[in-house]
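Read-outs: derived from the displayed coordinates by stated rules, not from any lab. Quick caveat: nothing in here was measured; it's all calculated off a predicted structure. Cβ coordinates were reconstructed from backbone atoms using ideal geometry, including for glycine residues, and neighbour counts include every protein chain displayed.
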Amino acid sequence: MAQLPNNVVPTSYELDEEHALLHLAWSDDHASVYAYEQLRRACPCAWCAGEGNFAGTMTPETVLTPEQTILYELQMVGRYGLTPVWGDGHKTGIYTYERLRDLCDCDDCRQQRGQPARDAAATS
């Protein structure tokens with residue numbers, strides 16, 4: 001996981017309910033867009049992601065209900081993360097700012113991780 005400078009934090013967000021997308025603006029002028037389903041599948045809580053010897057319930061094959069992928073709000077957690085509140089009531093996953101930035105799938109972030117751009121990946 002990439003280490004963000006201390007002064008890089010989310011500055012605003014928009015929940016695009018029509019397209020099920022979270023738009024997140026950062027203090028370094030970066031803009032991230034996350035699909036609600038992508039965020040729910042990446043939930044870092046112990047129940048979803050697992051902990052210790054517990055494997056967690058979220059896998060790529062997990063079938064999600066519509067309620068599990070409706071994002072109602074984001075709650076700030078200290079000065080280091082955000083917690084989504086999902087339609088099914090789930091709200092225990094704390095997404096650190098570093099984790100959110102690592103989940104960003106824009107071409108700039110993909111390049112920083114050594115991954116091909118999305119357009120290049122689609123044509124390969």
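With each run of n ≥ 4 DSSP H residues scored as -39500 (n - 2.57), what mean residue ellipticity at 222 nm is computed for the chain after dividing by its residue count and rounding to the nearest 500 deg cm²/dmol?
-5000 deg cm²/dmol
Please work out how much length the chain gains when fully extended from residue 65 to residue 19, using 0.36 nm per residue of separation minus the C-alpha to C-alpha distance, in nm with one decimal.
Here the segment from residue 65 to residue 19 would lengthen by 14.9 nm.
Dipole of region 10-118, Cα-centred, from +1 at each Lys and Arg C-beta and -1 at each Asp and Glu C-beta, to the nearest 20 debye?
The calculation lands at about 380 debye.
Name the cysteines of the chain that stand alone by the Cβ rule: no other cysteine Cβ under 4.7 angstrom.
45, 106
Assuming 0.36 nm per residue, please report the length gained on full extension of the stretch residue 110 to residue 12 beyond their Cα-Cα distance.
That pair, residue 110 and residue 12, stretches by 33.1 nm at full extension.
Would you mind classifying region 1-101 by shape? Square roots of the alpha carbon gyration tensor eigenvalues, ordered a ≥ b ≥ c; an a/c under 1.5 is rounded, otherwise it is prolate if a/b is larger than b/c and oblate if not.
It is oblate, given that a/c is not under 1.5 and a/b is not larger than b/c.
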